[in-house]
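A short worksheet on the structure shown next.
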Amino acid sequence: MNLVRSSEFIATKSGNLMLHVEGGNQTLNGCPLLYKVNPGPVDVSNCEATWKFETNVWQIFSKMETCIHQKDKYGNPVLGFYEFDTNVVEKEMNLSVPLADMSFTEVMPGIQLCSFSLLEPGNFLLTISDTKHNRSISNMPFSFNVFIGYADGSSSIVNESGLNDSTAGEIAQFSIYLNDIFQYPSFVGVESIRVQIIRETDSYSVKPSINPIVNGNVSNPRAGNKSIHQAEIAPAPSEIAPVSSVDLGKNSTGNSKVMASAFNVIYTPEKSGIYEIYVFCGNVLLNGGHSFRKEVRAGEVNVSLSTIQKFSLRAPKMIENEMAVQLVDSFFNPVLSQQSRLTLEIASVNKSGFSSGMFVDNDNGTYCIRYVVKDVGTYEMCVSFDGKRLSPCPFGVNVYGVEYFPKANDDNISVWEDESIAFDVLANDYFAGNNASIVEFSKPDRGSLLQNGNLFRYTPYKDYYGNDSSTYTLSDVNGNLASASVIISVLNIPPQFISFPIKLQATEDVIGPRYGGFSAIVIKHSDPTEKICVTLSARSGTVFLSPVLMQFWQPIWGEFSAKKGDDAAKDLILEGGVEAINLALQSIQYLGSQNFYGDDAIHVSASNKNGKNDLDVPVSVEPVNDPPVIKIPKFIILKSNEDESLIFDKAIDKFEFSVGDPDLLGYPGNESGFIVTFSVEVDKGFLVTSLAAELLKTTELKVMSSYQWQPIQTYVSISRHFMVRANGVRFRGALNECNSVMQQLSYDGRESDAILTVKLNDMGHYGCSSDCTDKIAVPLYAEATVQLIRRRSMSSLLAHTLGSAILVEFLMVFSLGGILLFFTCKCAMHLANERRRISVKNSQLSSVQNSQKKSQNTDFSEDTTNFTCCCSSPFLLSGQTSNFRQRSNRRLGVEETGKNICSPPGSSSSHHLQTPPGLTPLVIEKDQKETY
């Protein structure tokens, strides 16, 4: 029986809240519950007015600025702009004061700024209300005074030693000199001067004493004129105009009222720390609108007030033990940097087994020291400061063995996000007597912790992941305590699929969807910044991203990558933030394997560093009718020495000779149910084959005498098969029956070659069985032709003749190639020798020409022209190259001509050159004739 209980409560705090529901020591599943509470309507009586500086004295011509905080009945801030009314009344006359520049401005959501100028002196009452509902805000009316004064915050001066650092308990004082903007003294009453001295850490304040300075003397107006006394007051700065007179008047009570432009402030800070000093003249903050900052240091150590703060009456031996001392001054201020003046003394007789270190300053007035005792026993100790002992002194410490004390070890546990875990914190702890209890534990910050004996159950807050911690203290049978921590790791769960399609639709050999992508897969992950990985794959297809959507993406989610996984490139891997992953999943497309149809599934795996979640999305691939396929060569050579030649012999032929249909790959039933129409036909001769008896009813033949298909009239069945012989055969059957007929097909025709025509009609089959009866398409067919060539045998004489001719041709070609190679090499050698010989002769002739030029200069008057011929052979015309050099003597206007003759070597002129050995010189003389 299920019990349902309801609970009602009123939420008085607005914002995002968490609701914890506990029963006994148990937390209900799903807790804590997150919910949001919106603030209620504005409650005028609960609204508050605040000022930047709390004062009720204002200088004339100032602008009063008040912040109005809009709140509901429970004090929650309310957003929006609520219309308020403002009224200022003069107290004495009870008359309303007109405010010409009154304005309301929203400075922050739910906070309005009310501002107006103070143009008249006197005492006034400010009321901010809603006159329509006759209700005013909480701290109204506000009483304030406007005085006549012209003090300027930048021109006025505040100085003297009271603004400098000091020691706690010392009297400090400083002076205030009020000046207007023109550096003239500004006289005000002492009630207009306000000084705030506030400590930064805890807003502790010091109340000062403020007195006017009249003619260099400090006056206390509360005691009358007789209280004027002499004090050491610093003179006003030289740029300040001297005070010539003091305006003394009568106030409403008959007491005299002192007006002054200089004031003395005296105060005594007793607490150490950093202070902010604000000096006001009415609402004007002096020092240019800034505060003064000073430090108050602690005084000397007061030994009577300082104590030993932490020590253990029982301590283990051979282990460091800690002791803490607190040093304070007379005002209980912590005193720092005094560790060198502290000493730990031991009063026991046995001091050899005792050792200690030095005191360490903790920077908060406490000092720690560690000591080690080697032997069991009772030891008395004291702590002294400059020889003065701190209380208590002495104090005794009982030292025991280590096994006497418990030892608590830290626990490390892990829990999934939005789940709980129970654990025993004492499981890894040591304690004497095997009995201990938990006396104290702290609550974690990010979850709930319930105790049941030694067991704890931790439940993290909803949607929280990260680190959390708790501490506990155990006590053993001897009352000894030990503490440890529980470190909790809340693991964010792997990405979860919060939305996915029940089934996807696709079409065979077509990308689906055609435009965009499947948009139903959505992932949820608690950490939007963590990089997660999503892998998509299909058993009988490929998954990829739509290129159109990817083109317009902007990298606003950090790093995102899409890549293929294995070598087959069938896995699509997406990496990035959850937002980018979800956008990528909207552009997922699917393409089945070639000619695949039927049921498939897209496997989606989403993982992070802590684990993964898997999902299978079914995909139904609708079939498409594919055309049938005929695989035959262009020609087949048949044997010519037989009447019937087998067209395809699988034992010998290596080519393909078969038919098929791609739709058969996904056919769910028996292949015998996939029926097609198959026909073979030759233009000449006959086809002979064997058919199964089951094909008799659908078999048709074509004979020479008729161009139409005719059913079989007579047949002979042997072993449930029958033979047919015709120009063409056609039947309806399974593809395996068609291939069987093709492999048994023979051709009977001696006279010439023939053309075989093969046709295959799929009869509109998609390839699916009973569930595709309504999806019959237009029949598709394939047709192919193959040329059947008769191979004629060659006689032996023709074969020998052809072989001999081929051999002779080979020998001739080889011989011609050798002869051509021989002459090519020979020509190359001759050419190389000739070039070498010509280069030698050119060098020799060059030397001869140089010698002849010299002889021409010395034998200029000779009328003989000598030709020297250097021959390498006695016979000049033997085909060798000869070089001639000519020397001619010329006179002005005379040309020499002559006849070439050969002379022996000895008849040459005395000016001829020496002929190198092996060369025969030849000299030719010419008769000279003068011509005028």
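Laboratory data are not the source of any read-out in this text; all were calculated from the coordinates shown. Computed from a predicted structure; not experimentally measured. Glycine gets a Cβ as well: all are built from the backbone with ideal geometry, and neighbour counts include every protein chain shown.
Data overview
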item: Euclidean distance of C-alpha centroids, region 582-599 and region 499-524, integer Å; result: 7
item: Where trypsin sites (Lys or Arg not before Pro) fall in DSSP loop in region 571-642, at most 10 other Cβ within 10 Å; result: LYS634
item: Under 16 Å from LYS374, Cα to Cα: aspartates and glutamates that are on another chain or at least 8 residues apart; result: GLU320, GLU322, GLU403
item: Shape call, region 92-141: gyration tensor on alpha carbons, a/c limit 1.5; result: oblate
item: Normalised contact order of region 264-407, rounded percent, pairs of Cα under 8 Å and 6 or more residues apart; result: 23
item: Net charge dipole size for region 364-491 [Lys, Arg +1 and Asp, Glu -1 on Cβ; Debye, nearest 20]; result: 520
item: Above-threshold pairs, the threshold being 18 Å between Cα atoms, out of LYS13/LYS71; LYS531/LYS609; LYS310/LYS443; LYS702/LYS759; LYS271/LYS310; result: LYS310/LYS443; LYS271/LYS310
item: Sequence of ASP165, ASP643 once ranked by neighbouring C-beta atoms within 10 Å, starting from the fewest; result: ASP643, ASP165
item: Trypsin sites (Lys or Arg not before Pro) within region 450-540: DSSP coil, no more than 16 neighbouring Cβ in 10 Å; result: LYS462, LYS503, ARG514, ARG539
item: Rounded Å value of the spacing that divides the Cα centres of region 673-751 and region 606-633; result: 40
item: Restricting region 600-686 to chymotrypsin sites (Phe, Trp or Tyr not before Pro) in coil, as DSSP defines it, with at most 15 other Cβ within 10 Å; result: PHE655
item: Packing-based exposure ordering (other Cβ within 10 Å, fewest first) of HIS800, HIS69; result: HIS800, HIS69
item: Residue exposure sequence - THR167, THR699 - by fewest surrounding Cβ within 10 Å; result: THR167, THR699
item: Three-way shape label, region 701-765, alpha-carbon gyration tensor, a/c 1.5; result: rounded
